Amino acid sequence: DLVPSTVGRLAQPAQGLLPPGILGHDPGKRQSSLPMDKAKELIASTGLPLPIKMRASVQPILQDRYSALTRALFKIWSDIGVEISIQTTDQDSFNESYLKNEGIDLLFSRWIADYDDPDTFTYSLFHSGIGELRKYFSSADLDEKMERARMEREPQTRERVYRDIENWMLQNGIILPLFHDIDYRVAHPSVQHLSLSNIPPFVNYSGLAKAEKNVATPAQKTLKGILQVPIWGELHALDPALSDSATHTTVFPAVFETLTRSTDGAHISPWLASSFQVEDGGKQFRFRLREGVKFHDGRRLTSRDVRYSFERALQCKQGQSPWLLAPIRGASKVTGGESTELEGFRILSASEFIIFLEKPLSFFPSILAYTPTAIIPEGTENFGGDWRSGCVGTGPFRMVDFQPGRRLKLEANPNYWMPNLPKMDGIEFTFGVSPAQVFSGFQSGQYSIAWNLAPSDFEHLLHESEFAAHYQEIPSLSTQYACFNIHHGPFADENLRQRFIQSLDWNSLIRRKIGRGVTHARSLTPPALLGYEPSNRMPGVPFQQKSPEPIEIIVAIHGSYESKHKDFLQEVVELLREKGFLLHILEGRIEESSNLRKMKCDLQFTNWIADYPDADTFLYSLLDSQTGFIGHFCGTPEVDRLLERSRTETDPLTRHGIYRQIEEIIQRNHYVLPLFHEQTYCFFRPEINMVPLNFFDPVLPYEEISPRG
């Protein structure tokens, strides 16, 4: 944390002696740090008088260009009981301290490679005969290791020896790596083909070219407008690891991106990853990152950022990240606070890594498409209100201003990794906008798009030619359903469950009260996913006979049945009363309950929105009797066994067959009544071009939207 906060982008925190690009550099290495109170205890345990005073030789560049880091470091040490006094005032006195170091306890210096080999960072510095720093440290054991490395011809063996040398010096407290300089050049627009390397002469001078003197300067960027997006929910935090609502997944993909993404009909494609491979029968996955991806503040995306994002997400006590990443080996230890390092994440290079799972999970890349697994820069802890204050991702837009619960302003990312995107200059999200406000604001031109409308307003826009011509829809990966408590209460009786289902013509009721904004559900699994088949459900055959005594049913409902689907629920209650079912609706809402198992009820009217684009999120996440959202309500051992089989099966056709078995069981035994799948739809203002919608987040690819003309 110290390096980026004091030096910024001009330095990369060093985890070892050997820098990137040198044989032996370990891209996955990290230094552990102690809490301040523990450090103070260790200093006090030395028995030395406090404060412990040390004299240091400090290279002038660390007193000048990097003075902020040096001062901050000395301040931290002072806080734990170690005071540093600098004994060198200029370059001459510093050079002299290399050989005449009597009374000097610490040397703060830097080393620039003389040649492209780890030998220049080991033998040239610490060999007892010729090493530049031999007066500070040398040993016969270290000499032997370095000389053996010089004699070895096999690169892999040499790498192991140099890593052993580095680890030995770190473990024995001989060196404290601080940072690696970031080299850079700023070229005039007329200079072409410039590239840098980390060895002399650093610049490819022989390959440079220069354009004509009178070359035309790039045309000034033309403003393309701001996309105005109304959001029904509210947003109060900018941390992607806290994503747990439709509001988060609607907004965050414009800023924060994931390793994979759902494209072309819920198909999982590499995104920030350029590729992924399944290995060891689904127990491990190898990822390679896309080249040229940068965060909004200019930092390059690396494997370390992915590892940090996952470890941080697992430690997050809120949101859905911990259970999404739970399949990774060692995830439970990170979540439980037993470790801060994710055992199942192995970095191979700056752009390649392997993820090891506890057991095979065939659809694991699908999980990584969900927003809570988005990648942020290593070391990020606080998310300010704009990209300059630390709230950065890799997305097509970057944050400019955030007013919690009210508004979020984004601007186009000028260095987005996809060429010629985004096509708009920015986005402004307005939160807490009711369906009625969306309707009126869209008609007046206040909002660029309209969605989540009341059924009557939806139908109104469809009958206006100006807006009907700019309408897009796609079945959403969501299901509204009713489920029965099959273990306790009146619905433990299967015959009563069947009677309840056949008391109403549900399809007709849905069509009449909700309209064309939804499609009738044939199963829990929505269209586009494995396990879905457009089978013909038996239409409702209303019972003619009414029970002599009313059957009282305690019902829990999802909040959507009080807003968008209020009319539908009211009619259901009235019609069922006529059939002898008295529905008593609980005051608490399902989505607001921290523990749904505490809600004592017989029936639930609720919904499920996909956490990742795979049928597993609708079946295992709902029905597993131990962990499923309604597993305690209607889970069974028979379904549990099939769910476990489906998770380890890698053949898509076999998985499809298992999912069909599960769907047939819950329909045959009347465990769940699927009602409808909401259509994801969007009306576009005539001033902007329409774009196709996605099945999964981001449903609306903001970067593709462009102004007309």
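For region 372-401, a residue qualifies if it is assigned to a loop (DSSP other than H, G, I, E, B) and more than 17 Å from the chain's Cα centre (by Cα), and the qualifying residues are GLY384, GLY385, ASP386. For region 628-687, filtering for residues that are more than 29 Å from GLU473 (Cβ to Cβ), of a type outside the set (Asp, Glu) and part of a helix (DSSP H, G or I) leaves 20.
Residues in region 489-518 that are more than 20 Å from SER563 (Cβ to Cβ) and in contact (Cβ under 8 Å) with a residue 40 or more places away in the chain: 14 in all. Determine, yes or no, whether ARG9 is open to solvent by 90 Å² or more (accessible area, probe 1.4 Å), among the charged types (D, E, K, R) and under 28 Å from the mean Cα position of the chain (by Cα). Yes: the conditions hold for ARG9. Only one entry in GLU338, GLU343, GLU311, GLU381 is farther than 24 Å from PRO701 by Cα and buried (at least 17 other Cβ atoms within 10 Å of the Cβ), namely GLU311. Just one of the listed residues (HIS565, HIS584, HIS558, HIS520) is at pLDDT 85 or above and open to solvent by less than 30 Å² (accessible area, probe 1.4 Å), and it is HIS565.
Could you tell me whether region 389-399 includes any residue that is charged (D, E, K, R) and at pLDDT 95 or above? Yes, that holds for at least one residue.
Scanning region 165-179 for residues that are loosely packed, with under 14 Cβ neighbours inside 10 Å and outside any loop (DSSP other than H, G, I, E, B) returns a single hit, GLN171. Being surrounded by 20 or more Cβ atoms within 10 Å (Cβ to Cβ) and either over 16 Å from the mean Cα position of the chain (by Cα) or under 22 Å from PRO396 (Cβ atoms) (or both) holds for only one residue in ALA331, ALA350, ALA369, and it is ALA369. Contact map, region 414-428: first residue in contact (Cβ under 8 Å) with a residue 24 or more places away in the chain and part of a loop (DSSP other than H, G, I, E, B), second residue aliphatic (A, V, I, L, M) and open to solvent by less than 40 Å² (accessible area, probe 1.4 Å), Cβ cut-off under 6 Å, separation 6 or more or different chains; pairs are TRP417/VAL293; PRO422/ALA412; MET424/LEU227; MET424/ILE705; ASP425/ALA412.
The set of residues from region 314-328 being of a type outside the set (Lys, Arg), open to solvent by 10 Å² or more (accessible area, probe 1.4 Å) and in a loop (DSSP other than H, G, I, E, B) comprises CYS316, GLN318, GLY319, GLN320, ALA326, PRO327.
Could you please let me know if PRO455 is in contact with a strand residue (DSSP E or B) (Cβ under 6 Å, 6 or more places away or on another chain) and either touching a residue at least 12 places away in the same chain (Cβ under 8 Å) or charged (D, E, K, R) (or both)?
On the way: in contact with a strand residue (DSSP E or B) (Cβ under 6 Å, 6 or more places away or on another chain): no; either touching a residue at least 12 places away in the same chain (Cβ under 8 Å) or charged (D, E, K, R) (or both): yes.
It is false that PRO455 is in contact with a strand residue (DSSP E or B) (Cβ under 6 Å, 6 or more places away or on another chain) and either touching a residue at least 12 places away in the same chain (Cβ under 8 Å) or charged (D, E, K, R) (or both).
Mind checking which residues of region 436-495 are of a type in the set (D, E, K, R), closer than 30 Å to ASP611 by Cβ and not in a helix (DSSP H, G or I)?
First pass over region 436-495, keeping only residues of a type in the set (D, E, K, R): 457, 459, 464, 466, 473, 493-494.
From the residues that got through so far, the ones that are closer than 30 Å to ASP611 by Cβ too are 457, 473.
Answer for region 436-495, where residues must be of a type in the set (D, E, K, R), closer than 30 Å to ASP611 by Cβ and not in a helix (DSSP H, G or I): just GLU473.
Among the residues of region 686-709, those that are more than 31 Å from the chain's Cα centre (by Cα) and either crowded, with 21+ Cβ neighbours inside 10 Å or free of Cβ contacts under 8 Å to residues at least 40 places away in the same chain (or both) comprise ARG708, GLY709.
The values are calculated or read from the model by the stated rules, or taken from the named source; none is laboratory data. Just so you know, these numbers come straight off a predicted model, no measurement behind them. Reconstructed Cβ throughout: ideal geometry from the backbone, glycine too, with neighbour counts over all protein chains shown. Accessible surface areas use protein heavy atoms only, side chains included; no ligands, DNA or RNA. Shrake-Rupley method; radii C 1.70, N 1.55, O 1.52, S 1.80 Å.
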